[in-house]
Amino acid sequence: MSANGYVTQWGEDYPSIGTFQLRLLGFRDQPVDHYARPFLMVAENRRTKHEFCFGSITRLKSMLNWIKELFEMYPSNQPKFSFLLHKQYSHNSNNYLPYADDETLQFLQYMNKHGYLDNTMLMIMTDHGARFSHFRESYQGKLEERLPFMSIRMPPKFQKQYPHIMRNLRLNSHRLTTPFDIHETFLNLIDFHSHQGKYQSKTNRSYSLFQLIPETRKCEESAVGIHWCTCSQWSEISLPSPIIEQFGKAAIQFLNYFVRDAQEKCAELTLYQILKAHQVSTSSKKKKQIYQIQFETRPGNGRFELTATYDRSTNTFDIKKKNLSRINKYGKTSACIAHKRPEFREICYCSTLLSKE
């Protein structure tokens, strides 16, 4: 964005679990013109009993005010890109979300009243649904984890001038879209007028949302893994089942092997029970079948959801970490390795906790 003349702004509350910090090392140099991380790191370490506030205003209002200041500081003809992610009201529970209603409404009314939305593409979104709750263990919870909310509002002048794009946006809201498409849309928007409505996507995996996405689009064409695909047709498997028991054993072997570098700190896990099992509906004669299970481990009562491909010819399951979800909270049960090996957090149960059970 900066290379195209945009002034850029980025902020996330909870900087300790930031997009590029939780499992990554962050940035060597400041990535945007206006970066909230230094301020928010200090603020996070100075939490008071009023956890939702910075002094006399809420943390959310502070972030929304920061967006206002960006628009007030720069002239209207200066291109601007602002991305703010507020987690506090929804990270651990959705019950606090109504707290955001009034302040968000007031912010939108202010931006509209002062004309800041007259030439602005506004996106309100979430990054994922609930991941650690009883609700997540349901089918609806599984879908919501994979299908986060996304809303796009184009300026009224744009809507009138480009009705075909607005039609595409509305139709695309009912079709398979991914974050890659959002990125492609930004690329389209940056150089919008030079394309004269004939934009070509830069890769095969993504479309600009200004284009009409095919109804027949599939997950594998969009770089969406089978574990995260909501287009697959799943059939429930009655338990007990020999193939699912084999899958469960393979899953436990995988978990223990994955944290093998920390085996002196992480307790060995055992399979307590398989809660649910499903199979992608396909021909039973196919060499490879896709299965998914929800299972519980001991010690620690960890609950997981795992998707894997079974190869009939080798009688083996192909298990990968990217196809594993932890679906209940693990809290501080992996605190002994969480900082040095964050990729182990949802699997490891610290051995030091065994004496406390």
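Quick one: would you say K80 is under 24 Å from L189 (Cα atoms), at pLDDT 85 or above, within 25 Å of the chain's Cα centre (by Cα) and not hydrophobic (A, V, I, L, M, F, W, C)?
Judged against the criteria, K80 is a match.
For the stretch 245-260, the criterion of being surrounded by fewer than 15 Cβ atoms within 10 Å (Cβ to Cβ), outside the structural domain of Q21 (by TED's automatic domain parsing) and modelled with pLDDT under 95 is satisfied by no residue at all.
With respect to being at pLDDT below 80 and small (G, A, S), S16 fits the description. Considering only residues of the stretch 183-202 that are touching a Ser or Thr at 6+ places or on another chain (Cβ under 8 Å) and in a loop (DSSP other than H, G, I, E, B), which is surrounded by the fewest Cβ atoms within 10 Å (Cβ to Cβ)? Looking at residues that are touching a Ser or Thr at 6+ places or on another chain (Cβ under 8 Å) and in a loop (DSSP other than H, G, I, E, B), I get S201. May I ask you to verify whether N112 is at pLDDT below 95 and assigned by TED's automatic domain parsing to the domain that holds C53? No, not satisfied. Summed over the stretch 155-185, the residues that are farther than 25 Å from E221 by Cα and touching a helix residue (DSSP H, G or I) at 6+ places or on another chain (Cβ under 7 Å) give a count of 1. The residues on offer are G5, G11, and the sole one that is assigned by TED's automatic domain parsing to the domain that holds L85, of a type outside the set (D, E, K, R), in contact (Cβ under 8 Å) with a residue 12 or more places away in the chain and exposed (fewer than 11 other Cβ atoms within 10 Å of the Cβ) is G5. Annotation: L176 fulfils all but one of (1) modelled with pLDDT of 95 or more; (2) within 18 Å of the chain's Cα centre (by Cα); (3) more than 25 Å from Q294 (Cβ to Cβ); the unmet one is (3). Within the stretch 110-163, the set of residues being outside any loop (DSSP other than H, G, I, E, B) and over 29 Å from F71 (Cβ atoms) comprises F135, R136, E137, Y139, Q140, G141, K142, L143, E144, E145, R146.
Counting residues in the stretch 203-215 that are assigned to a helix (DSSP H, G or I) and surrounded by fewer than 15 Cβ atoms within 10 Å (Cβ to Cβ) gives zero.
Condition check for N323 on (1) surrounded by fewer than 18 Cβ atoms within 10 Å (Cβ to Cβ); (2) touching a His at 6+ places or on another chain (Cβ under 8 Å): one failure, at (1).
Here I67 meets each of (1) surrounded by 15 or more Cβ atoms within 10 Å (Cβ to Cβ); (2) over 26 Å from N188 (Cβ atoms); (3) modelled with pLDDT of 90 or more; (4) of a type outside the set (G, A, S) with one exception, condition (2).
Residue check: F132 meets all listed conditions (1) touching a Gly at 6+ places or on another chain (Cβ under 6 Å); (2) aromatic (F, W, Y); (3) closer than 22 Å to F52 by Cα but one, namely (1). Is there a residue being part of a loop (DSSP other than H, G, I, E, B), of a type in the set (G, A, S), at pLDDT below 95 and under 29 Å from F81 (Cα atoms) anywhere in the stretch 220-228? Looking through the stretch 220-228, at least one residue is part of a loop (DSSP other than H, G, I, E, B), of a type in the set (G, A, S), at pLDDT below 95 and under 29 Å from F81 (Cα atoms). When the residues of the stretch 326-343 are filtered to those that are charged (D, E, K, R) and over 14 Å from L22 (Cα atoms), the one that is surrounded by the fewest Cβ atoms within 10 Å (Cβ to Cβ) is K332.
Please enumerate the residues belonging to the stretch 200-245 that are of a type in the set (D, E, K, R) and either touching a Pro at 6+ places or on another chain (Cβ under 8 Å) or free of Cβ contacts under 8 Å to residues at least 24 places away in the same chain (or both). Those that are of a type in the set (D, E, K, R) and either touching a Pro at 6+ places or on another chain (Cβ under 8 Å) or free of Cβ contacts under 8 Å to residues at least 24 places away in the same chain (or both): K202, E220, E221.
In the stretch 95-111, the residues that are surrounded by 15 or more Cβ atoms within 10 Å (Cβ to Cβ) form Cβ pairs under 6 Å with partners that are charged (D, E, K, R), at six or more places apart or across chains, as follows: E103/K61.
Does Y89 qualify as being part of a helix (DSSP H, G or I) and in contact with a Phe, Trp or Tyr (Cβ under 7 Å, 6 or more places away or on another chain)? Answer is no for this residue.
The values are calculated or read from the model by the stated rules, or taken from the named source; none is laboratory data. Quick caveat, the model's predicted, so the values are computed rather than measured. Neighbour counts run over all protein chains shown; Cβ positions are idealised from the backbone, glycine included.
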